[in-house]
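Down below is the structure, laid out as structure tokens.
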Amino acid sequence: MFEVLTAQGIHLSYGSSQAVKGAGIVLRRGEIAAVTGASGSGKSSLLYCLAGVLPVSQGEVRFEGRVLGDLDDGELSSLRRDRFGFVFQYGELLPELTVEENAALPLRLAGQRKAQAFAAARDVLGRLGLADLRDRRPSQVSGGQNQRIAVARALVHQPAVVFADEPTGSLDSVNAEAVLEEFLTLARSQQSAVVLVTHDADVAARADTRYTMVDGVLALQGRSAR
């Protein structure tokens with residue numbers, strides 16, 4: 001399979017404290033990779049390094065062959081907007097926008113016309129069972145529905161890589177299972193790779209590749225045949 005994101009020997013330090021210690025990862029198109037570990041183990045720091053949000057102290061992260069550390073701020077911003085998708089634990093939707101407007105946001109920020117962006121948003125919302133909610137605002141829908149909207153926003157522009165930081169951590173078990181199933185099915189169907197940070201072993205078990213992180217050290221735990 002085509003390698004879309006790789007990291008080699010990456011370190012991240014906050015002063016004298018090392019959050020990530022020599023981590024390496026290879027992510028292929030359509031692959032789901034899960035990173036588990038205790039709170040404070042460095043999982044989120046690793047995720048933000050891979051996404052180019054935090055600059056690494058050592059090592060390198062490559063996306064489609066390009067070293068993220070060689071890109072300027074404008075190039076990194078464009079990359080995160082156009083080629084990456086993000087799902088956060090609490091959704092982080094914009095409360096003043098409708099469901100449809102939230103879902104269409106990446107396309108609108110990329111300059112796509114409103115009609116085209118909204119049509120794409122409606123398609124993804126429909127696939128996630130949210131078609132009837134598109135004119136509501138986040139405060140008018142449930143927590144599980146809000147997280148589905150966040151998934152729609154992350155996938156609407158068919159990104160090469162989706163970075164998910166505890167995407168089901170704020171949900172009950174029923175909603176968590178439903179959101180995770182829809183998220184992974186949709187990501188795989190459009191061949192988006194996913195880096196999924198979670199503390200939940202059951203969530204990680206759904207991934208193709210599983211890593212654990214302990215005190216900033218990343219270790220490969222297993223890889224499923226696909």
Has the stretch 78-89 got at least one residue that is part of a helix (DSSP H, G or I) and at pLDDT 95 or above? no
Kindly check whether there is at least one residue in the stretch 104-121 that is buried (at least 24 other Cβ atoms within 10 Å of the Cβ) and either over 28 Å from Ala34 (Cβ atoms) or out of contact with any strand residue (DSSP E or B) (no Cβ under 8 Å at 6 or more places or on another chain) (or both). yes
Pick from the stretch 124-141 the residues that are surrounded by fewer than 19 Cβ atoms within 10 Å (Cβ to Cβ) and at pLDDT below 90: which of them is farthest from Glu3 (Cα to Cα)? Gly129
Which residues, taken from the stretch 94-128, are closer than 22 Å to Glu177 by Cβ and touching a helix residue (DSSP H, G or I) at 6+ places or on another chain (Cβ under 7 Å)? Val99, Ala103, Val124, Leu125, Arg127, Leu128
Which of (1) surrounded by 14 or more Cβ atoms within 10 Å (Cβ to Cβ); (2) assigned to a loop (DSSP other than H, G, I, E, B) does Pro55 not meet, given it meets every other one? (1)
When you scan the stretch 65-72, do you find a residue that is of a type in the set (Asp, Glu) and touching a residue at least 40 places away in the same chain (Cβ under 8 Å), even just one? no
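Okay, residues lined up against (1) modelled with pLDDT of 90 or more; (2) in contact with a strand residue (DSSP E or B) (Cβ under 8 Å, 6 or more places away or on another chain):
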{"residue": "Ala154", "(1), (2)": "yes, yes"}
{"residue": "Val161", "(1), (2)": "yes, yes"}
{"residue": "Asp172", "(1), (2)": "no, no"}
{"residue": "Thr185", "(1), (2)": "no, no"}
{"residue": "Arg206", "(1), (2)": "no, yes"}
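The values are calculated or read from the model by the stated rules, or taken from the named source; none is laboratory data. Source: prediction; values computed, not measured. Reconstructed Cβ throughout: ideal geometry from the backbone, glycine too, with neighbour counts over all protein chains shown.
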